[in-house]
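A.B. asks: Just passing along the structure, written as structure tokens.
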Amino acid sequence: MASVALSEAEKVYIVHGVQVAAALLRNAAGTRVAGEEAGEDLRVDGRSCEDYRSVEVETDVVSNTSGSARVKLGHTDILVGVKAEMGTPKLEKPSEGYLEFFVDCSANATPEFEGRGGDDLGTEIANTLYRIFNNKSSVDLKSLCISPREHCWVLYVDVLLLECGGNLFDAISIAVKAALFNTRIPRVRVLEDEEGSKDIELSDDPYDCIRLSVENVPCIVTLCKIGYRHVVDATLQEEACSLASLLVSVTSKGVVTCMRKVGKGSLDPESIFEMMETSKRVGKVLHTSLQSILHKEESLGPKRQKVGFLG
């Protein structure tokens, strides 16, 4: 993962700012108060401990895919493309389709990814995505089945890291959800002749398609432990001050589906409980904002103006 060198004085400045920000999020009675009431400019970039940076989401940015999305979270830039192809259902799940994930860490994102430098991180991110989507409630995989035991849709989800500016997992999960929302799968009819052989007829009407429901697709909320407090959406500088982070997969209803600790440091049970509660609270707001943006963008139709270098 991309790293940044900080002096001891810079680390002390960041850690003390986070701890003051977190302390001011609680009043004298110990209850949480809003960031506006607590004060501003407490983290280095002016955010409170539970604030995300500005998020830019754009869908349908790659023409030769079934669905795509680009997400910019601060200086983190992620591009996701989804390609639907016909395949054979897995033996253990004969009446379901499935998803395959591939993560490419571009050398343009950071010099550390040159050669095979980003392979380990790509594998780690892909395995995390597999864990998140290894849940029947995330995506209706049965809707991807064409003919049980014979044919199904396989969704190849390709993730490209264009720039790393901290908080990769959150940005990637947002981009994957946006790309799945944008995915359109051609409708298929299975025709059977008198001899029992089956023929597959693919609709050539671009509007005659299947849309995936992404309502239950979770997003990752990463909480970095800095000092004795934790922050959401850490920058590279803040990640350099953190010894342990907790990745929490949260649905739009605030349900935790998966959790994973990363980093060399340790987390005590009380901290884990507080981080989980924060992730539920922040995750619900994140999902609401993302769904609102996706529906608003789709309502603009083909006349919407595309931005960015892919436009």
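A.B. asks: Would you be so kind as to identify all helices of the chain, as entire DSSP H runs, whose Cα atoms reach 15 Å or more along the helix's own axis and whose mean Kyte-Doolittle hydropathy is at least 1.0? Kindly include the intermediate steps, with their values, before the conclusion.
C.D. replies: Working: long enough: 8-24 (24 Å, 0.76); 119-133 (21 Å, -0.03); 168-182 (21 Å, 1.46); 269-299 (45 Å, -0.50).
Membrane-span-like by this criterion, though nothing is claimed about a membrane: 168-182.
A.B. asks: Among 226, 172, 210, determine the one that fluctuates most according to a GNM of the chain built with springs between C-alpha atoms less than 10 Å apart.
C.D. replies: With Cα springs under 10 Å in the chain, the top fluctuation among 226, 172, 210 is at 210.
A.B. asks: Quick query: amide H of residue 77 versus all other amide H atoms, modeled in the peptide plane; which residues come in under 5 Å with a sequence gap of 5 or more or a different chain?
C.D. replies: 162, 163, 164, 165
A.B. asks: Considering only 118, 46, 74, give the residue with the highest GNM mean-square fluctuation for the chain, with springs between Cα atoms whenever their separation is below 10 Å.
C.D. replies: Of 118, 46, 74, the Gaussian network model singles out 46 as fluctuating most.
A.B. asks: Continuing with the same structure: Out of 204, 77, 120, any idea which swings most in a Gaussian network model of the chain, alpha carbons joined below 10 Å?
C.D. replies: So, out of 204, 77, 120, the one fluctuating most is 204.
A.B. asks: Using 0.36 nm times the number of residues separating residue 88 and residue 44, minus their current alpha carbon distance, what extension gain do you get?
C.D. replies: Stretched fully, the residue 88-residue 44 segment lengthens by 10.7 nm.
A.B. asks: Using a 1.4 angstrom probe on the protein heavy atoms only, line up 276, 86 by accessible area, largest first. All intermediate terms of the calculation are to be shown ahead of the outcome.
C.D. replies: Numbers: 276 45, 86 85 Å².
Of 276, 86, the descending order of accessible area is 86, 276.
A.B. asks: Do any chymotrypsin sites (Phe, Trp or Tyr not before Pro) in region 190-288 lie in a DSSP loop with no more than 15 other beta carbon atoms within 10 Å, and if so, which?
C.D. replies: Here the sparse-neighbourhood loop sites are 207, 228.
A.B. asks: I'm spelling it out carefully: the read-out is P(r) over Cα pairs in 10 Å bins from 0, in percent, the candidates are [x] 6, 25, 32, 22, 10, 4, 1, 0; [y] 5, 17, 20, 17, 16, 12, 8, 4, 1, 0, 0; [z] 6, 25, 34, 26, 8, 1, 0, and one was derived from this structure. Which label?
C.D. replies: [x]
A.B. asks: So for region 224-304, if I pair up every lysine 8 or more residues apart or on another chain, how many of those pairs have alpha-carbons under 13 Å apart?
C.D. replies: 4
A.B. asks: So which GluC sites (Glu not before Pro) in region 88-146 pass both tests, a DSSP loop state and at most 12 other Cβ atoms within 10 Å of the Cβ? Can you show the working numbers first?
C.D. replies: Working: sites: 92, 96, 100, 112, 114, 124; in loops: 92, 96, 114.
Passing sites in region 88-146 are 92, 114.
A.B. asks: How about residue 198: which lysines have a C-alpha closer than 26 Å to its C-alpha, ignoring those fewer than 8 places off in the same chain?
C.D. replies: Within the straight-line limit of under 26 Å, residue 198 reaches these lysines: 83, 90, 93, 142.
A.B. asks: Leaving ligands, DNA and RNA out of it, rank 123, 235 by accessible area with a 1.4 Å probe, largest first.
C.D. replies: Ranked from most to least accessible, the order is 123, 235.
A.B. asks: I've got another one for you. Taking region 144-193, which GluC sites (Glu not before Pro) meet the DSSP loop condition and have no more than 14 other C-beta atoms within 10 Å?
C.D. replies: 150
A.B. asks: So what is the 222 nm mean residue ellipticity for the chain from helices alone, if each DSSP H run of at least 4 adds -39500 (n - 2.57) and you divide by all residues, rounding to the nearest 500 deg cm²/dmol?
C.D. replies: -9000 deg cm²/dmol
A.B. asks: Something else now. With every protein chain present, what accessible area does residue 258 have (1.4 Å probe, heavy atoms only), rounded to the nearest 10 Å²?
C.D. replies: Using a 1.4 Å probe on the heavy atoms, I get roughly 20 Å².
A.B. asks: So, one more: Could you rank 267, 243, 300 by how accessible they are, 1.4 Å probe, largest area first?
C.D. replies: Largest to smallest exposure gives the sequence 243, 300, 267.
A.B. asks: If you project the alpha carbons of region 174-285 onto the principal axes, what extent comes out on each, in Å, largest first?
C.D. replies: 71, 26, 25
The values are calculated or read from the model by the stated rules, or taken from the named source; none is laboratory data. All values reported here derive from a predicted model rather than from experimental measurement. Heads up, the Cβs are rebuilt from the backbone with ideal geometry, glycines too, and the neighbour counts pull from every protein chain shown. Note: accessible area is taken over every heavy atom of the protein model, side chains too, but ligands, DNA and RNA are not part of it. Shrake-Rupley method; radii C 1.70, N 1.55, O 1.52, S 1.80 Å.
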